[in-house]
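To start, the structure itself, in structure tokens.
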Amino acid sequence: MMQAVLGILGLTPTTEVNIHHNYAAIEHHFGKDVWVHRKGATRARSGEQGIIPGSMGTASYIVEGLRIVPKASSHVPMEQGDGWGESKRNGH
């Protein structure tokens with residue numbers, strides 16, 4: 001789909017970031033393998049690219065993880081632009 005749109009617009013991408021959020025994976029933290037569930041976030045380890053998507057009318061950002069702080073969760077939050085968290089959207 002992206003290639004079709006770029007072709008119509010006559011554009012060539014400089015960077016492509018293909019990541020997902022709301023997922024669970026086994027990762028190694030604090031000396032052991034554990035399940036990590038990132039709901040509304042993507043991993044952002046040192047050197048990894050990620051995206052912080054905006055909402056309608058706000059900018060999105062392509063980001064890169066910096067050095068890992070040992071006790072940090074190494075993730076990038078999602079949907080930060082509109083001021084409406086999931087609980088507000090769902091009426092809670």
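The values are calculated or read from the model by the stated rules, or taken from the named source; none is laboratory data. If you're wondering where the values come from, they're calculated on a predicted model, not measured in any experiment.
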Just one listed residue, out of 72, 25, 4, is at pLDDT below 80 and either more than 14 Å from the chain's Cα centre (by Cα) or of a type outside the set (D, E, K, R) (or both), and it is 72
Selection from the range 1-50 of residues basic (Lys, Arg) and not in a strand (DSSP E or B) yields 39, 45
Filtering the range 28-50 down to residues that are over 22 Å from residue 66 (Cα atoms) and under 10 Å from the mean Cα position of the chain (by Cα) yields none
